[in-house]
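Step one of this worksheet: look at the structure below.
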Amino acid sequence: MTFEEIENAFFYVSGASPGENSAVVHRVTGETFYYSFMTDEGNLPDDVEENDDYLDIPHKNDLDLGKPLVMEFVRQQCPEELGRIYSTFSRSGAYRRYKEFLEAKGLLETWYDFESRRTREALLAWCSENALVVEEKEHQ
């Protein structure tokens with residue numbers, strides 16, 4: 001299986017609230033299956049619950065790639081704004097306001113690079129912890 005396949009499944013799962021989308025990968029074949037609980041679309045194998053060869057793809061929150069990653073970035077880039085960002089994340093629409101804040105500070109691209117790098121690192125670590133061997137294309 002390729003890292004890209006794992007990453008695509010991760011983005012599918014993380015593209016919705018936790019528990020709404022699911023993806024599993026077969027440890028041996030590398031085949032990936034998707035399912036949406038909201039739309040009842042997809043195709044999880046019948047034996048997914050009993051077969052240890054299937055591994056649930058994590059949601060970004062499972063890998064601390066949601067709010068904890070935001071706070072880490074803010075601590076590194078603009079620690080004087082930490083209180084403001086904590087406050088932003090206490091209300092709905094937080095990511096939209098956070099990105100508006102970053103745009104105004106000229107940090108949006110820096111955030112995207114940081115988020116991408118950390119997501120890749122976390123997914124590779126998750127693969128390693130779960131004995132998934134993934135082929136990687138040269139990362140740019």
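Could we say that Glu100 is closer than 24 Å to Gly30 by Cα and acidic (Asp, Glu) here?
So Glu100 does not fit the description; no.
Can you tell me which of Glu115, Glu81 is in contact with a helix residue (DSSP H, G or I) (Cβ under 7 Å, 6 or more places away or on another chain), in contact (Cβ under 8 Å) with a residue 12 or more places away in the chain, of a type outside the set (Ser, Thr, Tyr) and closer than 21 Å to Cys127 by Cα?
Glu115
Could you look through the range 72-103, keep only residues that are assigned to a helix (DSSP H, G or I) and open to solvent by 90 Å² or more (accessible area, probe 1.4 Å), and pick out the one that is farthest from Ser17 (Cα to Cα)?
Glu80
For the range 44-70, enumerate the residues that are out of contact with any helix residue (DSSP H, G or I) (no Cβ under 9 Å at 6 or more places or on another chain) and open to solvent by 90 Å² or more (accessible area, probe 1.4 Å).
Asp46, Glu49, Glu50, Asp52
Any residue in the range 46-61 that is at positive phi sitting within a Cβ distance under 6 Å of a residue that is surrounded by 16 or more Cβ atoms within 10 Å (Cβ to Cβ)? List the pairs, counting only those 6 or more apart or interchain.
Within 6 Å, no pair qualifies.
Only residues in the range 14-29 that are of a type in the set (Val, Ile, Thr) count as the first member; pair them with residues that are open to solvent by 50 Å² or more (accessible area, probe 1.4 Å), Cβ under 6 angstrom, at least 6 apart or cross-chain, and list the lot.
Close Cβ pairs satisfying both conditions: Val24/Asp56; Val28/Asp53.
Any chance you could count how many residues in the range 5-26 are acidic (Asp, Glu), open to solvent by less than 50 Å² (accessible area, probe 1.4 Å) and more than 25 Å from Tyr95 (Cβ to Cβ)?
0
Residues of the range 111-140 being open to solvent by 90 Å² or more (accessible area, probe 1.4 Å) and assigned to a loop (DSSP other than H, G, I, E, B), which ones?
Val133, Glu136, Lys137, Glu138, His139, Gln140
Kindly indicate which of Thr29, Thr2, Thr39 is surrounded by fewer than 14 Cβ atoms within 10 Å (Cβ to Cβ), of a type in the set (Ser, Thr, Tyr) and closer than 30 Å to Arg91 by Cα.
After ruling out the rest, the residue left standing is Thr39.
The values are calculated or read from the model by the stated rules, or taken from the named source; none is laboratory data. All values reported here derive from a predicted model rather than from experimental measurement. All Cβ positions, even for glycine, are placed from backbone atoms using ideal geometry, and neighbour counts span all protein chains on display. Heads up: the accessible areas ignore ligands, DNA and RNA and are worked out on the full protein's heavy atoms, side chains in. Shrake-Rupley method; radii C 1.70, N 1.55, O 1.52, S 1.80 Å.
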